[in-house]
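Asker: After the structure tokens below, expect a handful of questions from me.
The values are calculated or read from the model by the stated rules, or taken from the named source; none is laboratory data. What you see is a predicted model, and the numbers here were worked out from it, not measured in a lab. Please note: Cβ atoms are built from the backbone with ideal geometry, for glycine as well, and neighbour counts cover all protein chains shown.
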């Protein structure tokens, strides 16, 4: 009986390690073919505070880490990113950030993915 309990404890420990290492405790990403671990590793390996994790043809997806300012820090990073492409920030409505350039409109949305990370969806420039 003790042997069975020991085997059970070892299996639980192995399972917990696999879940932790692969970040399986994070919610799923809204992009296909990318795991939470890959997305977080991409951000951690980047010199930038904002990293592109997907280009699905219609939208660009970015991931960033929040700081003391919370979602506002992500908004500021999006504004800098889009302004670098020549777009002017016009307004924020809910989680949407609205930009204009030459009479066209661009929308970027932010979404708390976890308590530490924010997903950003931007219409292709």
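Asker: With the condition kept exactly as written, say whether any residue in the stretch 55-67 is out of contact with any helix residue (DSSP H, G or I) (no Cβ under 7 Å at 6 or more places or on another chain), more than 16 Å from residue 31 (Cβ to Cβ) and either surrounded by 15 or more Cβ atoms within 10 Å (Cβ to Cβ) or at pLDDT below 95 (or both).
Answerer: no
Asker: Picking from 42, 35, 48, which residue would you name as being loosely packed, with under 13 Cβ neighbours inside 10 Å, over 16 Å from residue 124 (Cβ atoms) and free of Cβ contacts under 8 Å to residues at least 24 places away in the same chain?
Answerer: 48
Asker: Is it true that residue 72 is without any contact (Cβ under 8 Å) to a residue 60 or more places away in the chain, more than 16 Å from residue 120 (Cβ to Cβ) and either surrounded by fewer than 13 Cβ atoms within 10 Å (Cβ to Cβ) or out of contact with any helix residue (DSSP H, G or I) (no Cβ under 7 Å at 6 or more places or on another chain) (or both)?
Answerer: On the way: without any contact (Cβ under 8 Å) to a residue 60 or more places away in the chain: yes; more than 16 Å from residue 120 (Cβ to Cβ): no; either surrounded by fewer than 13 Cβ atoms within 10 Å (Cβ to Cβ) or out of contact with any helix residue (DSSP H, G or I) (no Cβ under 7 Å at 6 or more places or on another chain) (or both): yes.
No.
Asker: Pick out the one residue from 80, 121 that is closer than 18 Å to residue 52 by Cα, touching a residue at least 60 places away in the same chain (Cβ under 8 Å), out of contact with any helix residue (DSSP H, G or I) (no Cβ under 7 Å at 6 or more places or on another chain) and not in a loop (DSSP other than H, G, I, E, B).
Answerer: Criteria check complete, one pass: 121.
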